[in-house]
Each structure stands twice: as C-alpha cells, then as structure tokens.
Amino acid sequence: MKAAPDAQKRLLDLAELDSVADRLAHRRRTLPELAEIDESSKQYARLATQVIEAETEAGDLAREQAKAESDVDAVRTRADRDQKRLDSGAVTSPRDLASLQSEIASLHRRQGDLEEVVLEIMERREAADSKVRDLVARRDETAAARSAAEDRRDAALKEIDKEAADVQGRRTGVATEIPADLLKLYEKLREQYGVGAAMLRHGRCQGCKVALSIAEMNRIKAAPHDEVLRCEECRRILVRTPESGL
Ligand SMILES: [Zn+2]
C-alpha cells in the first residue's frame, strides 16, 4: 500500500487520540463510584430486610402486650365485681363469704402475675422499637450515601462524556486527512491489536518496543517514502519520522 508520508504521520495523531479514547472508556468502566454504589445497594438491601424483620418482631410484641393488658383488665374486672358483691353485704353465708374472699385474693395474685408479664413484654418491646429505629437510621444513611455516590458518578460521567466528545471531534478531523484505504487498514489493525499504528523511533517500534534488526532497518531505508510499512514483530503500521534513526 502507498500513502503520502504526511498522511502516514497523521496516523500517529489518530493513534494518540484513540488511546485517549480508550483510557476514557476504561475510566468510565472502572469509576470507584460504581463499586461504591454496588456495595451501598447490597448493604441497603440487607438493612431493608432487617428493618422488616425488626418491625415484624415489634408488631408481634405490640399485639402480645395488648393481649396481656386485656388479660389484666379481665381479671381486674372480675376482682372488682367480686369486691362489690362482698361490699354490698348480699352474701351472708360464712362459707360463701370465705369462698368469695379467697377468690378475690386469688384474682389479685393472678393480676399481679399478669402485670409482671405486661412489664416484661413492654421491656422487650422497647428494645425491639429501639432496634427498629437504629436499623431505619442505618438504612436511610446507606440510601443517602448511595445517592451521593450516584451524584458523584454522574458528574464524573458527564466530565468523561465531554472529553470523549472532544476527542471524537478531533479524531473525525484527523481521519479526513487520511486516505480511505490506509484508514481502513489502520481500523482493522486497531481492532486486532488495540493500536493500529506506531512510530519508528531510534530504530525501535514504539508499538511493541522491539528494536529492528540491521537488515530490517536497511530494508526500510531503501523503501520509498510513500510505502506503507508494517512492523515485522507486531504487524502494526510503522510510521517513519525524523526521529526514526534512518
Ligand atoms: Zn512493533
């Protein structure tokens, strides 16, 4: 393939711009915020599940407390009713009186026991409610941290997009100065090797960093200026410049 030396040199500008574009694409994929957001999302899901579990437990205890309080009320109502009967003087038989007094005493003991149960449930419920508040706070903090990381990611992406658009614009300009067949070869090599063209600098290919043999250098020296050369080692287009050492 033949191409004017200036057009060949423009390949180096193109390769430089492509390498900038590659670095930008790599930065886009490896933004630290992406891992941060991923980790926050996982943590949020874990905490959200724990909040639901803690809320269920607190709800169960609230129902348990209501049930125990209603048991206390029932016993108290029954004791009050018995006490009223006793106070009314309607019961006169000593045996019935003794039985009534015994029942009242038994109901009071029962009420005391049930009130202990209520207190015990209330303590557990306070602990459960406090756990819910703690988990909700941590869940909300995680959501806020994720949202902040998303904002930082978006700002970084916007910056990268701006730079990428700038590089793309310059690339389009450079590409117009390169003949179609040479550009096509460059694109094919870029696809295959990541970089399509490299400078020959002080007898060394800048693509693979391999020094050319004396025979190879002599072959290049003898080659016409518009001959499109390839590195024997890495197959990239080898571009001659005044720095080539020819
Ligand atoms: Zn090479």
What pairs can you find where one residue is in the range 227-244 and of a type in the set (Ser, Thr, Tyr), the other is open to solvent by 30 Å² or more (accessible area, probe 1.4 Å) and within 13 Å of the ligand (Cβ to nearest atom), and their Cβ atoms are less than 8 Å apart, with a gap of 6+ or different chains? Thr241/Met199; Thr241/Arg201; Ser244/Met199; Ser244/Arg201
Answer yes or no: is there a residue in the range 158-180 that is within 27 Å of His26 (Cα to Cα), part of a helix (DSSP H, G or I), within 16 Å of the ligand (Cβ to nearest atom) and open to solvent by 60 Å² or more (accessible area, probe 1.4 Å). no
Just to be sure before I move on: is Glu103 touching a residue at least 40 places away in the same chain (Cβ under 8 Å) and charged (D, E, K, R) in the structure I sent? no
Scan (1) touching a residue at least 60 places away in the same chain (Cβ under 8 Å); (2) not in a helix (DSSP H, G or I) for the single condition Val91 breaks and write down its number. (1)
Quick check, is Arg190 within 16 Å of the ligand (Cβ to nearest atom), more than 44 Å from the chain's Cα centre (by Cα), buried (at least 17 other Cβ atoms within 10 Å of the Cβ) and not polar (S, T, N, Q)? no
Before we move on, is Arg204 open to solvent by less than 60 Å² (accessible area, probe 1.4 Å), basic (Lys, Arg) and either within 11 Å of the ligand (Cβ to nearest atom) or out of contact with any helix residue (DSSP H, G or I) (no Cβ under 9 Å at 6 or more places or on another chain) (or both)? no
Sort through Asp82, Asp38 and tell me the only one that's more than 30 Å from Gly207 (Cα to Cα), of a type in the set (D, E, K, R) and either open to solvent by less than 60 Å² (accessible area, probe 1.4 Å) or not in a helix (DSSP H, G or I) (or both). Asp82
Across the range 8-35, what is the total count of residues that are open to solvent by 70 Å² or more (accessible area, probe 1.4 Å) and either β-branched (Val, Ile, Thr) or in contact with a Cys (Cβ under 6 Å, 6 or more places away or on another chain) (or both)? 1
Here the residues within the range 56-75 that are closer than 21 Å to Gly112 by Cβ and open to solvent by 90 Å² or more (accessible area, probe 1.4 Å) are Lys67
Which of the residues that make up the range 216-231 are within 16 Å of the ligand (Cβ to nearest atom) and either assigned to a helix (DSSP H, G or I) or surrounded by fewer than 11 Cβ atoms within 10 Å (Cβ to Cβ) (or both)? Glu216, Met217, Arg219, Ile220
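Out of everything in the range 232-245 that is open to solvent by 60 Å² or more (accessible area, probe 1.4 Å) and closer than 23 Å to Lys188 by Cα, what residue ends up being nearest to the ligand (Cβ to nearest atom)?
Initial filter on the range 232-245 (open to solvent by 60 Å² or more (accessible area, probe 1.4 Å)): 232-233, 235, 242-243.
Filter once more, so that each one left must be closer than 23 Å to Lys188 by Cα: 232-233, 235.
Numbers: Glu232: 8, Glu233: 4, Arg235: 7 Å.
Checked the range 232-245; the qualifying residue nearest to the ligand (Cβ to nearest atom) is Glu233.
The values are calculated or read from the model by the stated rules, or taken from the named source; none is laboratory data. All values reported here derive from a predicted model rather than from experimental measurement. Virtual Cβ from ideal backbone geometry, glycine too; neighbours counted across all protein chains shown. Areas reflect the complete protein model, heavy atoms only, side chains present, ligands, DNA and RNA absent. Shrake-Rupley method; radii C 1.70, N 1.55, O 1.52, S 1.80 Å.
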